[in-house]
Amino acid sequence: MNPVLKELTGLLTLERLEDDLFRGASRDIGYDRVFGGQVLGQALAAARFTVEDCYIHSLHAYFLREGDPAAPIVYFVDRARNGRSFMARRVTAIQHGKQIFNMACSFQDEEQGLEHQADMPDVPQPEKLRDLRDYAQEISEDLPWKIKRILTRKTPFEIRPVEITNPVNPRKRPPVNHYWFKAVDSLPDDRELHEILLAYVSDYNFLTTATLPHGVSFLDPRVQMASLDHAMYYHRTVKVDDWLLYSVDSPNMSNNRALVQGQIFSRDGTLLASTTQEGLIRIWDKPES
């Protein structure tokens with residue numbers, strides 16, 4: 001397996017301390033804080049330890065404090081309910097004695113019934129697009145060293161955007177983003193692993209969609225951005241080592257809070273998952289400390 005992807009799957013594999021208590025390592029991907037997708041994935045992995053014969057269908061999470069990438073995170077799972085068809089769990093993430101994150105999630109048995117879904121947007125196929133790192137390399141001379149390191153580093157997912165935004169010179173455009181993504185290598189045929197990895201990658205390039213109509217760049221030192229909450233709905237079985245399309249839009253920005261929503265499609269147009277997130281976006285008069 002690709003070493004970067006192997007490192008990620010290891011990061012999302014938790015140590016069991018007690019029946020409902022788990023510990024996960026942290027990793028700095030350049031932001032000086034724990035990436036929100038890491039905490040989402042680890043919290044889902046912790047909840048998965050406590051259920052059998054059911055699969056995740058929804059999660060609702062709140063980011064309470066920044067995570068310290070230099071310290072491990074402890075996850076406590078509350079077995080809220082074991083029903084005949086559904087199992088509900090609450091997960092609390094603790095670091096340095098304080099809650100940094102909490103999540104409610106629900107698991108369901110497989111069932112058959114009525115079905116419908118939204119249509120996949122008509123966008124170019126991934127073979128006709130370039131990897132995000134290629135674009136970053138082209139503008140790397142204009143980027144601060146820290147940002148250059150983030151955008152050009154080797155990642156566990158290949159990302160091919162449909163629309164290109166230059167963070168050095170952003171232009172106003174509608175708050176809509178589409179990009180294809182997949183793991184950089186093949187993965188075991190393990191449904192739970194693919195669901196956890198989807199939670200991880202669902203936070204990639206998500207909140208920044210709300211900045212597009214304002215011509216605001218995350219490189220601007222006056223900009224403060226932070227995820228406040230994250231919700232996810234799993235509709236069908238997913239494989240993250242196949243190409244998936246993330247279709248994201250932002251229907252609202254007010255009170256310094258932006259709402260973004262996404263749909264994740266398989267290559268054949270099947271809707272696999274839906275996401276929503278509200279995030280803080282502030283523009284300070286002076287650079288944020």
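Values in this text are rule-based calculations from the coordinates and carry no lab data. All values derive from a computational prediction rather than experimental measurement. Because the Cβ atoms are built from the backbone with ideal geometry, glycine has one as well, and the counts that use them run over all protein chains shown.
So what's the Cα pair-distance distribution over the stretch 50-118, bin width 10 Å, in %?
P(r) over the stretch 50-118, rounded to whole percents: 18, 39, 27, 13, 3.
Take the Cα atoms of the chain, build their convex hull, and give its volume per residue in Å³.
On the way: hull volume 41.6 nm³, N = 289.
That works out to 144 Å³ per residue.
Arrange the peptides 111-123, 33-45 so that the one whose residues have, on average, the most other Cβ atoms within 10 Å appears first. If you can, show how the numbers build up before the last one.
On the way: 111-123: 9.2, 33-45: 24.7.
With the highest mean Cβ count within 10 Å placed first, the list reads 33-45, 111-123.
By per-residue mean of other Cβ atoms within 10 Å, what is the highest-first order of 99-110, 246-257? Spell out each step's value before the answer.
Details: 99-110: 18.6, 246-257: 15.6.
Highest-to-lowest ranking by the protection proxy: 99-110, 246-257.
Roughly how big is the stretch 130-289's charge dipole about its Cα centre, with Cβ charges of +1 (Lys, Arg) and -1 (Asp, Glu), in debye to the nearest 20?
Working: 20 positive and 22 negative charges, 102 e Å.
Once rounded to the nearest 20, the dipole reads 480 debye.
At q = 0.14, 0.28 Å⁻¹, what log₁₀ I(q)/I(0) does the stretch 217-289 have when each alpha carbon counts as one equal point scatterer in the Debye sum?
-0.57, -1.20
Counting pairs of Cα atoms in the stretch 1-109, how many percent are more than 23 Å apart?
Numbers: 1526 of 5886 pairs.
Looking at the stretch 1-109, the distances longer than 23 Å represent 26 percent of pairs.
What number results when the radius of gyration of the stretch 130-289, computed over Cα atoms, is divided by 2.2 N^0.38 Å? Before the final figure, lay out each step's value.
Values: Rg = 16.0 Å, N = 160, 2.2 N^0.38 = 15.1 Å.
The stretch 130-289 yields a ratio of 1.06.
Which order, highest average first, do 158-164, 205-211, 271-277 follow once you tally other Cβ atoms within 10 Å for each residue and take the mean per peptide?
Final packing ranking: 205-211, 271-277, 158-164.
Using the 10 angstrom Cβ neighbour count as an exposure proxy, how do ILE283, ILE147 rank, fewest first? Mind showing how you got there, number by number?
Numbers: ILE283 13, ILE147 18.
The order, fewest Cβ neighbours first, is ILE283, ILE147.
So, with +1 on the Cβ of K and R and -1 on the Cβ of D and E, and no other charges, what is the size of the charge dipole of the chain about its Cα centre, to the nearest 20 debye? Provide the component values of the computation, followed by the final result.
Details: 34 positive and 41 negative charges, 181 e Å.
Charge dipole of the chain: 860 debye, to the nearest 20.
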